[in-house]
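Just below is one structure, and these are the notes that go with it.
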Amino acid sequence: MTQAALKLVDPVVVTDSLLFERRRDPRSSLQGQVTVVRSFRHDGERCSKISSITLRDISSTGVGAFAREPVEIGSDMVVMFPPHGPDGACDSTCRVVRCIKCEGGYEVGARFGLSNSAA
């Protein structure tokens, strides 16, 4: 039994994204500004930062967004979705899996349910 070799068709330009990443669910376009609380390690200490990102799309497994400043890959992020109608606000914890520099900022990908907050 022989195995087929994987072949890279296009050259990889960005080194900080996951090479074999595949979306698990279809994404829905979503535009809007949300507040996030990012949790990361700096000089061995746990730090938090409140900032704002612009959502681009969402699925049941994660979000795609645009940020003005880089976001640390592997850092936790709590996305605070604003209230809509009679429903209250919804906060979702996710882990940053991609941060790619682009014109005017950074494209950020985050996956729900992967939190280091207990660490």
Residue within segment 87-97 that is over 15 Å from the mean Cα position of the chain (by Cα) and modelled with pLDDT of 90 or more present: no
Within the set of pairs 6 or more residues apart or between chains, which connect a residue that is at negative phi inside segment 96-111 to a residue that is among the basic types (Lys, Arg) and in a strand (DSSP E or B) with Cβ atoms less than 6 Å apart? 97/111; 109/98; 111/95
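I need the full set of residues from segment 42-69 which are closer than 24 Å to residue 29 by Cβ, surrounded by 13 or more Cβ atoms within 10 Å (Cβ to Cβ) and of a type outside the set (A, V, I, L, M, F, W, C), in order please.
Let us first name the residues in segment 42-69 that are closer than 24 Å to residue 29 by Cβ, namely 51-69.
Add one more test, that the residue is surrounded by 13 or more Cβ atoms within 10 Å (Cβ to Cβ), and what stays is 51, 53-59, 61-67.
Of everything in segment 42-69, those that are closer than 24 Å to residue 29 by Cβ, surrounded by 13 or more Cβ atoms within 10 Å (Cβ to Cβ) and of a type outside the set (A, V, I, L, M, F, W, C) turn out to be 51, 54, 56, 57, 59, 61, 62, 64.
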Selection status of residue 90, among the hydrophobic types (A, V, I, L, M, F, W, C) and free of Cβ contacts under 8 Å to residues at least 24 places away in the same chain: yes
Step by step: first the residues of segment 30-45, then only those that are more than 17 Å from residue 89 (Cβ to Cβ) and without any contact (Cβ under 8 Å) to a residue 60 or more places away in the chain, then the one that is nearest to the chain's Cα centre (by Cα). Which residue is that? 38
Within segment 26-110, considering only strands (runs of 3 or more DSSP E) that don't extend past its boundaries, which have at least 1 residues that are of a type in the set (S, T, N, Q)? 28-42, 45-58, 90-102
So which of 26, 83 is surrounded by fewer than 11 Cβ atoms within 10 Å (Cβ to Cβ), in contact with a strand residue (DSSP E or B) (Cβ under 9 Å, 6 or more places away or on another chain), modelled with pLDDT of 65 or more and farther than 23 Å from residue 104 by Cα? 83
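The values are calculated or read from the model by the stated rules, or taken from the named source; none is laboratory data. All values reported here derive from a predicted model rather than from experimental measurement. Cβ sites come from the backbone with ideal geometry, for glycine too, and all protein chains shown count toward neighbours.
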